[in-house]
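The values are calculated or read from the model by the stated rules, or taken from the named source; none is laboratory data. The shown structure was predicted, so the numbers you read here are calculated from the model rather than taken from an experiment. All Cβ positions, glycine included, derive from the backbone under ideal geometry; neighbour counts span all protein chains shown.
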Amino acid sequence: MKRLKVPGGEMAWWEEGQGTPVVLVHGTPSSSREWWDVARQLTPSYRVLAPDHLGFGDSERPVDWRTYSLPWHVENLRAWFDQLALGPVHLVVHDFGGPIALPLAIAAPEHVLSLTVVQSWLWDLKGPNVDNALMRWLYLSWNFSARMLVKMSWGRRTKLTRELHQSFLSQFPDRASRMGTWGFARSISHEGPWMEEQGKGLGRLADVPALVVWGKADKVVKPEHLARWRQALPRARVLELEDVGHFPQLEAPDALGTALLEHLASVPGRQAQGTATPGT
């Protein structure tokens with residue numbers, strides 16, 4: 001893992017391969033490691049980079065849950081992009097990776113070679129208000145996000161074995177390590193209007209070649225959100241995966257990797273203006 005300082009702390013990432021950069025942005029309750037199987041298919045042809053958000057993976061984990069907000073994550077990722085000076089990139093987002101990375105893409109769509117959206121959104125999810133003492137205890141003391149939400153959102157194509165589920169649980173071994181997952185949960189209650197406002201800019205990505213990959217068995221991020229993507233990006237190619245839930249990169253990595261390779265190869269000549277990175 002490599003590391004660098006961003007405004008909120010020290011951010012870790014891994015990278016492999018050479019060529020045009022492909023940036024893989026994870027969600028919750030997980031880390032950049034969820035992309036490993038997909039990345040193996042990409043690295044013979046591309047430079048693949050996958051950061052860990054602060055609060056996740058090998059990145060620093062601030063101990064005050066009040067620190068975590070979506071604009072805070074956006075600024076940390078912006079600083080990561082700025083310091084690496086990657087130039088034009090292919091951008092892939094999953095789950096909360098969308099609300100974090102897509103505002104940067106909207107700010108500078110000419111610097112995004114292609115976009116791939118996997119089980120993500122950029123609007124108000126209109127979920128229940130979970131910001132209460134009971135849910136805070138469940139998230140921080142009981143590891144609710146990794147313990148229950150993974151099970152609830154998993155599909156049937158690949159069995160969620162005890163070992164695979166443990167790979168989620170082990171990433172958040174104690175209360176202090178779970179502040180990031182609680183921060184994302186709170187964002188659904190408090191930052192819906194912010195996400196909705198950001199989503200108004202999705203039209204700026206209309207000319208970016210886009211792929212939307214959707215696990216149809218996801219019981220948490222449901223089909224109505226795929227319908228929103230069809231509206232927001234009407235020219236996007238859509239791949240729907242039967243019996244796959246919220247984590248296509250783990251449940252169907254071969255299918256996702258194949259679709260992603262085809263998508264990236266279809267836009268080899270698209271060039272960005274200048275050398276700025278998304279959001280600069």
Inset, instruction - Return yes when Val221 is touching a Ser or Thr at 6+ places or on another chain (Cβ under 9 Å) and β-branched (Val, Ile, Thr) and no when it is not. - result: yes
Legend entry - Matching option when the condition is closer than 14 Å to Phe56 by Cβ, small (Gly, Ala, Ser) and at pLDDT 95 or above, among Ala210, Ala185: Ala185
Legend entry - Qualifying residue in the stretch 99-115 (condition: closer than 22 Å to Glu251 by Cα and crowded, with 18+ Cβ neighbours inside 10 Å): yes
Inset, instruction - Working carefully through the options Trp36, Trp72, Trp80, Trp65, find the one that is more than 13 Å from the chain's Cα centre (by Cα) and modelled with pLDDT under 95. - result: Trp65
Legend entry - The listed residue being within 30 Å of Met152 (Cβ to Cβ), among the aromatic types (Phe, Trp, Tyr) and without any contact (Cβ under 8 Å) to a residue 24 or more places away in the chain, out of Trp13, Trp65, Trp36, Trp72: Trp36
Inset, instruction - Please work out which residue is surrounded by the fewest Cβ atoms within 10 Å (Cβ to Cβ), limiting yourself to the stretch 153-171 and to residues that are under 21 Å from the mean Cα position of the chain (by Cα) and over 12 Å from Leu250 (Cα atoms). - result: Ser170
Legend entry - Verdict on Gln166 being without any contact (Cβ under 8 Å) to a residue 40 or more places away in the chain and farther than 20 Å from Val221 by Cα: yes
Legend entry - Residue list for the stretch 179-219, filter: among the aliphatic types (A, V, I, L, M) and surrounded by fewer than 16 Cβ atoms within 10 Å (Cβ to Cβ): Ala206
Inset, instruction - Need at least 3 residues that are surrounded by 18 or more Cβ atoms within 10 Å (Cβ to Cβ) and β-branched (Val, Ile, Thr) per element, so show me which strands (runs of 3 or more DSSP E) inside the stretch 1-69 make the cut, counting only ones lying wholly within it. - result: 21-25
Inset, instruction - List the number of the failed condition for Val150; all other conditions in (1) assigned to a helix (DSSP H, G or I); (2) more than 25 Å from His73 (Cβ to Cβ) hold. - result: (2)
Inset, instruction - Tell me which residues, restricted to the stretch 207-250, are within 24 Å of Val22 (Cβ to Cβ), in a loop (DSSP other than H, G, I, E, B), within 16 Å of the chain's Cα centre (by Cα) and not aromatic (Phe, Trp, Tyr). - result: Asp218, Val221, Gly245, His246
